[in-house]
Each structure stands twice: as C-alpha cells, then as structure tokens.
Amino acid sequence: MKQTRSKNSGGTSTPMMKQYLAIKGEHPDAILFFRMGDFYEMFLDDAVVAAQVLKIALTTRDKGKDNAVPMCGIPYHAAQGYLTKLVQAGHKVAICEQVEDPALAKGLVRREVTRIVTPGTVVEETLLDADSPSYLAAVNPVSGGYGLALVEASTGEFMVTGFEGDGAASRLATTLAQYEPREVLMPEGAGGPDALLHAAGHLTAIEKYRFNQDAARETLKRSFGVGTLSGFGTHLTGPALGAAGAALWYLGEVHGEPPGHLKPPRTIQDDEILVLDPNTLGNLEILRSATDGRREGSLLAVMDMTVTHQGSRLLREMLIRPLLQVGQIDERLDLVEELVGEVILRGRIRKKLRQVSDIERIVARFASGTAGPRDAVSLAQSLEELPRVKGLLADLDSDLGEQVCRMIHPLDELSAYLENALVSSPPATLREGGVFREGHNVELDELRSLTTDGRKFLSDMEAREKEATRIPSLKIGFNRVFGYYLEVTNAHKEMVPEAWIRKQTLVSAERYITEELKGLEEKILSAQERMVALERELFEDLRREIGRSTGPLQVSARGLAMADVFTSLAELAHCSSYARPTFLEDDPEGRISITQGRHPVLEKGGVSGTFVPNDLYIDSGLNRMMIITGPNMAGKSTFMRQVALIAIMAQAGSFVPAREVLISPVDRVFTRVGASDQLARGLSTFMVEMVETAEILNNATGRSLVILDEIGRGTSTFDGISIAWAVAEELLEGSPRGCRTLFATHYHELTELALTREGVKNYNVSIREWGEKLVFLHRVQEGASDKSYGISVGKLAGLPGTVVTRAREILGNLESHALDREGMPVLVSGEEGVYGEGASESQMGLFNDGTRNILDMLGDADIDALSPLEALNLLARMKKYKILETDD
Ligand code: ADP
C-alpha cells in the first residue's frame, strides 16, 4: 500500500499542533502515537526518546524555522513491532487515532486516544515474554508500612498484602524482587524506599486519592459483582485494600473497561514459604545467571523441562516461593515420585500437553478484547485436548494428582461451539473476514456466496435476459459512475423491454439498468462490507461465550500448568538421577544431611561428567557452623551454593541432585557471596558486603540457612579478620540461635573458632600438590586446610615467575611472624622481625604467639568470678594455644 504522510505545516501554533498538545497534555507520562494519514507521528520530547529507543531518524517539522519541532514517525501497519520495543524498554504509549473519515471531516480531523499501552498492563502476545509473568504492582505507602497489590492482566492473577513494622521496606523489596513487576504504581509525591526505586518495573505516579480505601471497596465490589468483600478474607483491608483499588482503577483506565477476568484477590503468605530475598535470588542464580543476566545458566533454566508456557511460569513461581510446611511439600513430592515411576503415562501426558496453548493468557486476551481469530482457534484446539489430558491424569493415585485431575474441566459445550464456529486456519485479524465456518450463520453464508458467486449471478442474469429479449449483443458491464448496466448495441435497441431504464448513451450503444440488476448490485457491493461487519459481530458473540466460561477455563489452565510442572519435575528427576528428599517435621535438631550432593547447574554445564559429589551434615546444635577453608578455585562456593540450591529445590517440591537427602525445612536462605557490583547504587563493595551481613544478622532465625562466602575481604586484613570472627560468633551465639551456617573463608585464623566455640566444625576442600603443581580434588573433608595456596593458584593463573617467587618470600616472612617496630609485617627479606610496641594485642593474638596469649588470658581472667566450668574452658583454650604453637 502506498503510504501517505499528511503535510500540515507550522510550528506548535498550528491547529493541528494545538490539537496534539491538548491530547498530549492529558497523557504527559506516555509517548503519544499521533495518527496522521498512514503514519503515527511523535513530536517534541517524545520524538527524541522514541527515535533513540526505536533507532529511527529524528527530523523536524518546519526545518529552518525558529519554532521547528522535533518529530519522528512510524508507518501505522508496522506499529506493533515499534510498540513492543517501546513497552519492553519500560515506556508507556498512548495511541491516538483519527476517529472520523478525513475525507468527510470539516476542518481538522477529530482525534482521540483509543488505547494506552503500559508495561504492566499489556495482554497482547507480542508484547509479553511467554515464559515470564508480567505483573502490575500498586504500592501504597502509609505511616509505618506499605500496602501492596499485584495484578497480572495477562493471566488474571491478583494478590494483595501489607507490610508493617520493622523491616517493612525490606520485606516489600523482597516481594517485589520475587514477582518482578513490570510497572509499579505509586501515589504522586510519595518517596519510595530505595529498594522500591530499584524494582525492575517502570514507576507510574497516580493521584493519591486513587488509593483511597472507601473508593477501593466500591471498585472491587463492582469488578467482582459482589455486595461485600468479606468473602475474600481478612487480608483485603487497610493499605492493601487501597493498593488493590488503585491497581483495578488503573487497569480499567488503560483497557477502557474494568477487567472481567481477574481472579479473586488472594493474600501473599510469607510465613508459609521459604523466603528468598533479592540478594539470595541473585547470588544463587535462581532465575538468571549473574554473569549476563540471562536465563541460561540459572537454576530455573536447568530445571525447566516443561512443555507449555503456563507450566514454565508456574515452575518459576514455585522456585521463588518454595514451601515451608512438610505436609504440603510431601504432597508435591508424592506426585513427582508417582510420575517418576509412571514412565509411559508421563510421556503420554507430556505429548498431549504439547498440543495445548497458553489458555491463561488467551482467556485474558478475550476478556480485554484484544484476542484475534487465531486465539479462538488455539483455544478450540486446546479444549479438544482437555478431556484427553484429564483421562490420562485420572490414572494418578497421589492426592495432588487427583486434585490436578479434578481441576481440569472438559468444557465440552464450549469446545463443540468453537469447533463448529471456526475455520481451522483463519487470518490473523478480523479485517477481511474468513474466520467462521460455513453453516455457522445463515446470513454470513448468503453474504459469502454473494461475493464469491457474484459473477456467476451476473452471467446467469445475462443469459436469462438474452434469451427473454432475443437481443444477441446484450451484455452486462460495470463502471464506477453508473455501477452495473445492461448494454445493447444501436442495432438492437428497439428490442429493449419498456421496463428497462436508460442510463447512458454511447456512440454505438445504449446502457440500461433494471430493478433486479440494481438490487443485485447493491447486494454484491455491500456484501463484502457487511460480511466483515457480521464476522465482527459473530466474534463478539464468541467472545461473550468464552467469557461465560472464564472461571473454569482459568482453573483448567492452572491444572494443566500443574500437570506440566509435575511431569516435567519427574522427567528431570529421571533424566538427571535426582533423589527424593526426606523431610523431617519438627526436628528439634534441625538436621540437614546430604549424601553425594551435586550442584544442579554445574553438573550439567562445564564440568559435566567430572563433577565431584560431596556430603554435608549440619544441624542446629553441635554442628551448626561449618568453617570451610581451602584455596581459591577449590570448590568452596560451589559446595555451599549446592547445599542452598538443594534445600530450595527440595522445598519447592522437586527431587534433588544427591544420592540421599534428609532435611528439616529452612525458613530463609541468606547469602553473602562475592562482591556483587552495586557501585551504580552508590555503595562501595565493602559497604554492600556490610549491609548484606547486617541484614543477615538482624533477620536470621534458628531455622535459617546462612551462606557466607568470604566476609571482610573489602577492607584491611586485620579489620577483615576481626569482622569475620565477630560475625561468626554472633551467628553462633547471638540472637539467631542455632541458625545453620556455611562459612567459607580464606582467613585461616577462623579455623581457631572450632577450638574455642561449641557448634563449629572445620572443613576444607582438598587439593594435592604435585611438585610445583596443584591438583584440585573438589572434595570437602573434615578438618582445617593447612594453608591457603593463594600463590600457587596465582601461578596457575599465569602470574610471572618473578612475582610468584617474590610473593613466596614475603609469605615466608609473614608466616614467621616477622613484624617491624611499628607492628607491621616485614616484607623485605633479611630484616629481622620484632614485635613493635604499636602492635595491638588482638593482632598479635592472631599470629599465634601462644605464650603471650596464655599470659594475657591469665591476666584478663577474674579468678574470683569464674565458674568451675569457665575455668576449665579457659584451661582448655590455653592448652590448645600451646598445641598450636608447638605444631608451628
Ligand atoms: P572457590 O569458591 O573455592 O574459589 P569455586 O566453588 O568457585 O571455588 O569453584 C571453582 C571451579 O571449580 C568451579 O567453577 C568448577 O569449575 C570447579 N568445581 C568446583 N566444585 C567442583 C566439583 N565438586 N566438581 C567438579 N568441579 C568443581
């Protein structure tokens, strides 16, 4: 099609630009697609932003004039691709159409915004990632807390919760990190917590009164057609209610009508799940790899063997919110176990599920009026499979299996209706018709035959008239001005019946029309138009028909998603030789025991086939802290992460990469790992480390699992050791009594903790020295490692020989405790080391000056106040120092 571009001219003061500015004024936070002829044009700041995101040319209206306006444009028929890019980049777009025919308009064409597309409200397939959720969040800050609503327009999911008291902001951030909303609504002028501003989504400020609770109550009642909200449960009150109202209002605004497919709001229960905070989700690479932020390399990617998008999204949800109650976890594991055993049934279910489309999202598209003919056909094909899937699931005996089977509604009537209504491969849009089957609607069939058989009707008529009038030269023709006519050459014009009406005289012939021909003409010409309009009406009927089954369709979709997830977990367990974890309920010892555990991602990736499994035993008592030493690259991080991942997988209801696992559930996993670069947030590496450590110390409970991968690295050695030591003591004996901790450190000094504190066990990841070479065995074994091998690892990494030799020399001095007069380690060989006066007591203590330490201990002890047990302990500590010194 030839594209025409309107050529209005003039700066911002022309009538057209005035119209533009007025409409833009109503949508200041959206990029306005302003329809002009065959283009959507963007002006001023919008044009600058859009040109950059879309990589299209930025031009100006009225080049050279003072009031030149920046502009850029896109052809309307290619708008979808551009729209997708803008929305995925987090922008809101308002689409402004010409709402009257330019040919008929008197003066300026009327224009209106017909649709607003925002990142958190889209339902179109092309604007969404099929395997990820797309939430809109509404955050309602009040004094002392927050209300939160999360709505997923693309599936109808609707959740609310409130956060109060200490840590409200961090719990809000955790929930936002789990659901990753694409857009966050906030009241205008409300400053969010830092964490909120860093939530993934686009921030949209709306008027504060939209969060009003009374208004919210009314909005919700209207949306769900209920007289009272009490049926939804007690969670729908206070700031959460205000947030829910704001989210619903916004969806209604954007879609032009309140969404009809939302499920009743449910609460987000954090006390029933294993809480994974944003750091932990990131550090453990649950959803995406830390290296490049992509899905590949994440736990989710390794575990996702689902065959449907709804299944893939459910698996993600299960992984970010693993369970806590043993009963619920075992229910899931029972189903996985049953499906592991049912190899053939599993294969059949998966084969059927592959035929099923994303019903959840199709239903949402119908509810919001954006579904097309192909959605209807996909739904019809999926519905056909439902009874077959249900039939297969009926063979399952586990409780959850039976439950999943019950969730799938066969919906025979709807299925038959769609089957009879639709052709099997319709065009993508309703623009040209051709969506409905013959026999679905009598009028449509007639119209169709009129358009397709129009020529035949005319030639039949021509033959009939020829015979009736006996005019051999008679023929039917068509021109734009007179439409269809009967043409008779001058030689035969005397034979023309009287009833014919003369329309046009040519040199050699006359042209006539008849009533019948006029009638036929009208039918043929309007048939095409009417046919398309009728198909639209019929599609609306179909939409209503589907709308009536929204509830059962959504439940069935959830059932299919569950069937998919659990068969996929069984497939995973089977293919990857995973074992069922055994859960210990109310275990006072808080045991976690892993035999031959593996790292689920690494064993599949680079080190597949050579991955070395490791055991672990930890509990809330005498084995509550594992200090793990060993050189860099030995496998400390891998080991600790695999323990955390195994716990998370198990509590999500999956089998795990190990030979055997016994586990009492973990309420939170905390991780402090490496130096994640948050410099962009204005925090130095060390600051981040300390903030994360503080968060752990303040929040870990007796049931938590804490992973500390190096602490105190970002500061000087002595500071670092001191902090690491104190943190370890706090975790052992401070407020989070008995929380289970895996602590990897290159500070050897920390292994001494085991000598002085109960509950600490030393482990190391073994290596062998082979001449000058190091061999990494990746085996975790009891006992402290003898040295840190840092220099050998440096050599392995290619440090020049001179540097390696020099480093060994300096290390030699340090290890012989050579300090200068200022108490600093002597780095130059040959200079005799002495303990300088400036050296602090604690620093010296750390260098195993056993005798000195023993004297200090004696000096410090208040003999009168010591209990017999404390006295014995003191004696034991002195003895251990002595042993250490002798060993040295
Ligand atoms: P560390 O934390 O001790 O510096 P990492 O855990 O980062 O070491 O491990 C370094 C590398 O060693 C990993 O990237 C992996 O390739 C390999 N590795 C670690 N553990 C194992 C294992 N159990 N089996 C095989 N290879 C391993």
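In segment 108-142, what residues are hydroxyl-bearing (Ser, Thr, Tyr) and surrounded by 20 or more Cβ atoms within 10 Å (Cβ to Cβ)? Within segment 108-142, 118, 121, 134, 135 meet the criteria. Looking for something within 16 Å of the ligand (Cβ to nearest atom), more than 25 Å from residue 334 (Cβ to Cβ), in contact with a strand residue (DSSP E or B) (Cβ under 6 Å, 6 or more places away or on another chain) and polar (S, T, N, Q) - is there at least one such residue anywhere in segment 604-615? Yes - at least one qualifying residue is present in segment 604-615. Selection of first residues in segment 638-649 that are in contact (Cβ under 8 Å) with a residue 60 or more places away in the chain and of second residues that are charged (D, E, K, R) and within 13 Å of the ligand (Cβ to nearest atom), restricted to Cβ pairs under 8 Å at least 6 apart or on distinct chains, gives the following pairs, ordered by first then second residue: 640/709.
If you scan segment 341-366, which residues turn out to be among the β-branched types (Val, Ile, Thr) and under 28 Å from the mean Cα position of the chain (by Cα)? Result: 349, 356, 359, 362, 363.
Residue by residue through segment 629-642, note down the ones that are over 34 Å from the mean Cα position of the chain (by Cα) and near the ligand (Cβ under 9 Å from one of its atoms).
630, 631 - these are the residues of segment 629-642 that are over 34 Å from the mean Cα position of the chain (by Cα) and near the ligand (Cβ under 9 Å from one of its atoms).
Criterion applied to 644, 634 was being over 30 Å from residue 269 (Cβ atoms), at pLDDT 80 or above and of a type in the set (A, V, I, L, M), and the one residue passing it is 634.
Only one of the numbered conditions (1) touching a Lys or Arg at 6+ places or on another chain (Cβ under 7 Å); (2) assigned to a helix (DSSP H, G or I); (3) not basic (Lys, Arg) is not met by residue 459, and that is (1).
Looking at segment 643-669, which of its residues are buried (at least 23 other Cβ atoms within 10 Å of the Cβ), over 23 Å from residue 738 (Cβ atoms) and within 16 Å of the ligand (Cβ to nearest atom)? Those that are buried (at least 23 other Cβ atoms within 10 Å of the Cβ), over 23 Å from residue 738 (Cβ atoms) and within 16 Å of the ligand (Cβ to nearest atom): 656, 657, 658.
Got a number for residues in segment 510-527 being farther than 16 Å from residue 479 by Cα and buried (at least 16 other Cβ atoms within 10 Å of the Cβ)? Matching residues across segment 510-527 total 2.
Among the criteria (1) assigned to a loop (DSSP other than H, G, I, E, B); (2) without any contact (Cβ under 8 Å) to a residue 12 or more places away in the chain, the one residue 499 does not fulfil is (2).
Checked against (1) β-branched (Val, Ile, Thr); (2) closer than 29 Å to residue 643 by Cα; (3) part of a loop (DSSP other than H, G, I, E, B), residue 356 meets all criteria but (2). Considering 156, 120, the condition of being within 20 Å of residue 33 (Cβ to Cβ) and either among the charged types (D, E, K, R) or at pLDDT 85 or above (or both) is satisfied by 120 alone. Go through the residues of segment 575-592 one by one and say whether even a single one is more than 15 Å from residue 661 (Cβ to Cβ), buried (at least 17 other Cβ atoms within 10 Å of the Cβ), touching a strand residue (DSSP E or B) at 6+ places or on another chain (Cβ under 6 Å) and of a type outside the set (Lys, Arg). Within segment 575-592, not a single residue is more than 15 Å from residue 661 (Cβ to Cβ), buried (at least 17 other Cβ atoms within 10 Å of the Cβ), touching a strand residue (DSSP E or B) at 6+ places or on another chain (Cβ under 6 Å) and of a type outside the set (Lys, Arg). Scanning segment 709-738 for residues that are in contact (Cβ under 8 Å) with a residue 40 or more places away in the chain and under 15 Å from residue 672 (Cα atoms) gives 709, 728, 731.
The values are calculated or read from the model by the stated rules, or taken from the named source; none is laboratory data. Quick caveat, the model's predicted, so the values are computed rather than measured. No Cβ is skipped: glycine too gets one built from the backbone with ideal geometry, and neighbour counts run over all protein chains shown.
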